[in-house]
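One structure is given below, encoded as structure tokens.
The values are calculated or read from the model by the stated rules, or taken from the named source; none is laboratory data. A quick note: this is a predicted structure, and the numbers were derived from the prediction, not measured. Don't worry about glycine lacking a Cβ; one is built from the backbone with ideal geometry, like all the others, and counts go over all protein chains shown.
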């Protein structure tokens, strides 16, 4: 992989974002930056250790209908959410 490039995890344009590896004070900014970098039809698959309900409210307020939120897994300690950009 070349520096600065990102490869989707499948042909469906799904890009992983593991928030568990990002310092807590930077997480929201990093997530918003990643969402802003996505193109229409692309998905960010978000992994976290807790259900980020306040973050989801912020995303809905900021992006509205341009980003859909869909849980893939809601198991305690293993939260997986797909953010699809319209």
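Of note, residue 8 satisfies the criterion of being modelled with pLDDT under 95, outside any helix (DSSP H, G or I) and touching a strand residue (DSSP E or B) at 6+ places or on another chain (Cβ under 7 Å).
Matching residues to (1) more than 11 Å from the chain's Cα centre (by Cα); (2) surrounded by fewer than 16 Cβ atoms within 10 Å (Cβ to Cβ):
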position: 23; (1), (2): yes, yes
position: 26; (1), (2): yes, yes
position: 29; (1), (2): yes, yes
position: 35; (1), (2): no, no
position: 40; (1), (2): yes, yes
position: 61; (1), (2): yes, yes
position: 64; (1), (2): yes, yes
position: 69; (1), (2): no, yes
position: 78; (1), (2): yes, yes
